[in-house]
Amino acid sequence: MATSSHSTRVDRRDAARRLLQRELDQLTPEERVVVERFISGGRVSRNVRRELHASRTLGERVADRVAAVGGSWTFIGCFGVVLVVWMVANSFLLARAFDPYPYILLNLVLSCLAAVQAPIIMMSQNRQAAVDRLHAENDYQVNVKSELEVLQIHEKLDVLRSREWALLVEQQNRQIEMLQRLLECATAAPGGMQKQP
């Protein structure tokens, strides 16, 4: 026997209250957002990376690009080649070296490059850490909503199971009553249920 869908419906607000074991107004703002979306059936998951990628400023885009280039093996290899060429040119190839040994100008260039590159890379890393925090927060919200959904499914299954058990018990009681009536009819009939020769 099929049950109607509205008879198995569980109130989502009441389910959230029971599953979280506290009143909705006692929740943190983040938890309240998740619960309200659970109650309304709305989505919680979102593409945080795409949202933040679209809202980056010019400085953030430059910092990300500098970090991507400056933190690669290609950059290290190219920069190593530039250093070797600089030293070879100033030591052996040029008659009048513009930066003779001990390469003071090279040291100055390297110091300036490090002084500029390090804060830019740190800006990019800080922004990436903020993205990671937003990802973790979004994952937490999705997990809470998923847990609420799974617990609600369990609750619905329990309701259905208890109804099915009640229905089975009711059917079994009816069958027992029918068997008792048949038995009473059989014993009340003259001669009972004896076989005819």
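The values are calculated or read from the model by the stated rules, or taken from the named source; none is laboratory data. The shown structure was predicted, so the numbers you read here are calculated from the model rather than taken from an experiment. Virtual Cβ from ideal backbone geometry, glycine too; neighbours counted across all protein chains shown. In case anyone asks, the SASA skips ligands and DNA or RNA and just uses the protein heavy atoms, side chains included. Shrake-Rupley method; radii C 1.70, N 1.55, O 1.52, S 1.80 Å.
Miscellaneous remarks
- The distance linking region 162-191 with region 41-99 is 84 Å (Cα centroid to Cα centroid, whole angstrom).
- Only protein heavy atoms count here; on that basis, with a 1.4 Å probe, Thr74 has an accessible area of about 100 Å².
- When the solvent-accessible area of region 50-108 is split by element, carbon and sulfur atoms take up 71 percent of it, the probe being 1.4 Å.
- The candidates Tyr140, Tyr101, arranged from most to least accessible area with a 1.4 Å probe in the full protein assembly, appear as Tyr101, Tyr140.
- Per residue value of the accessible surface for region 44-109 (all protein chains in place, 1.4 Å probe), Å²: 74 Å²
- Using the Cβ of Ala63 as centre and a radius below 14 Å, the other residues enclosed give a net charge of +2, where K and R count +1 and D and E count -1.
- Spin-label zone in region 32-49 - amide nitrogen under 12 Å from a point set 7 Å from the Cα of Asn138 along the C-beta vector: 44-49
- Heavy-atom accessible area ranking, 1.4 Å probe, most first, across Phe92, Phe98: Phe92, Phe98
- Translational D in µm²/s for region 76-197 (Stokes-Einstein at 25 °C, 0.890 mPa s, Kirkwood Rh from C-alpha pairs): 101 µm²/s
- Cα lying deepest toward the dipole's positive end in region 43-102, options Ala89, Phe79, His53, charges on Cβ: His53
- Measuring with a 1.4 angstrom probe and ignoring ligands and nucleic acids, Trp165 comes out at about 150 Å² accessible.
- Of the residues Gln117, Leu179, Val159, the one whose Cα sits farthest toward the positive end of the charge dipole of region 64-197, with +1 on the Cβ of Lys and Arg and -1 on the Cβ of Asp and Glu, is Gln117.
- Computed FRET value (nearest 0.05) for Leu52 with Val88, which takes r as the C-beta separation and R₀ as 41 Å: 0.35
- Here the chain is treated with +1 on each Lys and Arg Cβ and -1 on each Asp and Glu Cβ, and its dipole about the Cα centre works out to around 400 debye.
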